[in-house]
Structure formats: C-alpha cells, structure tokens
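Quick notes on the structure that follows.
The values are calculated or read from the model by the stated rules, or taken from the named source; none is laboratory data. These numbers come from a predicted model, not from an experiment. Here the Cβ positions follow ideal geometry from the backbone for every residue, glycine too, while neighbour counts run over all protein chains shown.
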Amino acid sequence: MSTVVHRPGKSLKLTIINIIRYMVLVLHSVVTILPLVWILSNSFRNNDQIFTNIRLIPESFQLTNYIKVLTVSNIPLAFYHSLSITLVSLTLLLCVVLPAAFVISRFRFRGAHFIYMFLSLALFVPSITVLPMLYKLYNQLGFLGQKYPIVFAYVVEQLPISIFLLVTFMRGIPRELEEAAIIDGCSTWNIFSRIIVPLSNNAIITILILSFVANWNDYLQALILIPEFRTLTVALAFAKDEYTVDYGMMSASIIFAITPMIIFYLLIKERLINGMAAGAIKG
C-alpha cells in the first residue's frame, strides 16, 4: 500500500507562485480599468472640475458633454463612417478567408503548405511598414480619398491572422464527418456550408472580434487614405480647438467610441475564449 508524501517546500513554492501570479493579474486589471473609470468620471465634468479636483466619482452626473457630442461635434458622423467601413470590411474578410481556409485545410495540393507558411510569416510584418507603398498604390488606382476602398487594406491586413486561426481550427474537424457527407451525396459546397462553417463558429467569432477591434481603432491608414471621411479615431484626434481643449467633451467622445467594442465583447466573450483556446490546442 503506497503512501503519498507531501513536501512542504514544494507546496510553499506553488503558493508563492500563485500569489505572484494573482498580484500581477490584479495589477494589470487596475492599470487597464483605472483609466477607463477616470475618463468616464471626466465625461460628466467640465474643465474647471477636472483641473481642480482629482477624483474618480464626479460631483454630479450631468449629461452636458454627451449632449454636446451628439449635437455640436462631428462625432456621430464619424461613428457612422467607422461603423459602415468596419462592417463592409468584415463582410469582405469572411467572403475571402472562409473559402481560402477551407481549401488550405481540407485539400491536398501542391503549394498549399507554402501559401499557409507565407501567410503565417506575414503576421510578423507591421502594417505601418507597407503604408507608403499602399498610399502610392491607392493614388495610382484612383482610390485615394474614396471611402470604401480602404476596406481592401483592412482585409489584407487581417488576412494572415484570420487564415492562421481558421486553418488550425478546421484541421481539427474530424475527416470522418466529411467522408460521411460525401457518401450521402453532399457536394463540396454543401460540405463547406453545412458542416465546416457551422463547426467553425467559435473561430469565426474570434477573427470577427479581432478584426473589428483592429479596424475600429485604426488611425494612420484612415488619416492618410481617406482624410475627407474622418473615422472615429481621426475625429477624436481633431476634437479640440486651436488653443483650448474641452476635456469633458473629449472624454464623453471617447466613451461614445469605446462603448460598441465593450458591448460587442460582453455579448460574445465566451465564444471568443473558446475559439482562442480551441485554436491554440488544435494548432
């Protein structure tokens, strides 16, 4: 009969590691949440209150700044530009990445591995490094200053990470399901649309969230390629006068900008976590 020997030193070491781990997580949470709380508090205050009192709880919850954002500023129009461009880019991204990932993951053909590795290596290329060439290309094609051609740049930018996640996820789907569908007379399109895509919902939600956040927060490409159509990030950068800054109104504009991302994340956070975890395991 065997006995389990408990080692006090090892148990103490694990306890210390867990304490340090939780301390780091708590510190990261405070550093992340505190600025948001500070901005939310300032959105209910004016400049005098912001500069004279440093406090997280506002003196009164006045909606003056939010009313000014909706009636005086160009933030609502910029919100529309950002939302429309982001939705179009996400739709185009799905139309490109879903069949591409399906072909790479489920078919064997010459060059499939090279294409996958090429796209994977593109993950390490910062988008800012290709911005001068992108500007020259858009200028030659006549796309410069037009609203929706920027979605092509967004799709190309998000294509590597999307292909990487979807291919690794789709490769984990049992081939027995595909073989059974072929025996039942399903075509390639039916296998793709009725089996592979529904089973890849978590991965699809993951790439949608990652792409949504990246496109929504883009500043440089929107500023350079479509200066006439100011997106939300560009409008926030110019939400000030020549000599003064209304920090209360700017804080309300920031809250107005980040609210869609927070709501979107809270609605589908479980699918995001499941998709990232499944992609990591199957990769």
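Observations on the structure shown:
- One residue alone among S60, S43 is surrounded by 12 or more Cβ atoms within 10 Å (Cβ to Cβ), of a type in the set (S, T, N, Q) and within 21 Å of D246 (Cα to Cα), and that residue is S43.
Let's see how each residue does on (1) under 28 Å from W216 (Cα atoms); (2) modelled with pLDDT of 90 or more; (3) out of contact with any helix residue (DSSP H, G or I) (no Cβ under 6 Å at 6 or more places or on another chain); (4) not assigned by TED's automatic domain parsing to the domain that holds T233:
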position	(1), (2), (3), (4)
L34	yes, no, yes, yes
K68	yes, no, no, no
H81	yes, yes, yes, no
V88	yes, yes, no, no
I104	no, no, no, no
H113	no, no, yes, no
M117	yes, no, yes, no
L121	yes, no, yes, no
V125	yes, no, yes, no
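- With respect to (1) surrounded by fewer than 20 Cβ atoms within 10 Å (Cβ to Cβ); (2) assigned to a loop (DSSP other than H, G, I, E, B); (3) touching a helix residue (DSSP H, G or I) at 6+ places or on another chain (Cβ under 7 Å), the lone exception for E228 is condition (3).
- Residue ranges of helices (runs of 4 or more DSSP H) in the range 48-137 with at least 2 members of a type in the set (G, A, S): 75-106, 112-121
- Inter-residue pairs, beta-carbon under 7 Å, first assigned by TED's automatic domain parsing to the domain that holds I196 and in a helix (DSSP H, G or I) and in the range 169-185, second at pLDDT below 85 and hydrophobic (A, V, I, L, M, F, W, C), 6+ apart: F169/A278
- I128 fulfils the conditions (1) surrounded by 13 or more Cβ atoms within 10 Å (Cβ to Cβ); (2) farther than 30 Å from F44 by Cα except for a single criterion, (1).
- Residue within the range 156-163 that is of a type in the set (A, V, I, L, M) and either part of a loop (DSSP other than H, G, I, E, B) or in contact with a strand residue (DSSP E or B) (Cβ under 8 Å, 6 or more places away or on another chain) (or both) present: no
- When the criteria are applied in full, V24 meets the requirement of being assigned to a helix (DSSP H, G or I), surrounded by 10 or more Cβ atoms within 10 Å (Cβ to Cβ) and outside the structural domain of I191 (by TED's automatic domain parsing).
- Every test in (1) outside any helix (DSSP H, G or I); (2) free of Cβ contacts under 8 Å to residues at least 24 places away in the same chain is passed by G145 save one, and that test is (2).
- Number of positions in the range 231-265 that are aliphatic (A, V, I, L, M), surrounded by 17 or more Cβ atoms within 10 Å (Cβ to Cβ), touching a residue at least 24 places away in the same chain (Cβ under 8 Å) and part of a helix (DSSP H, G or I): 9
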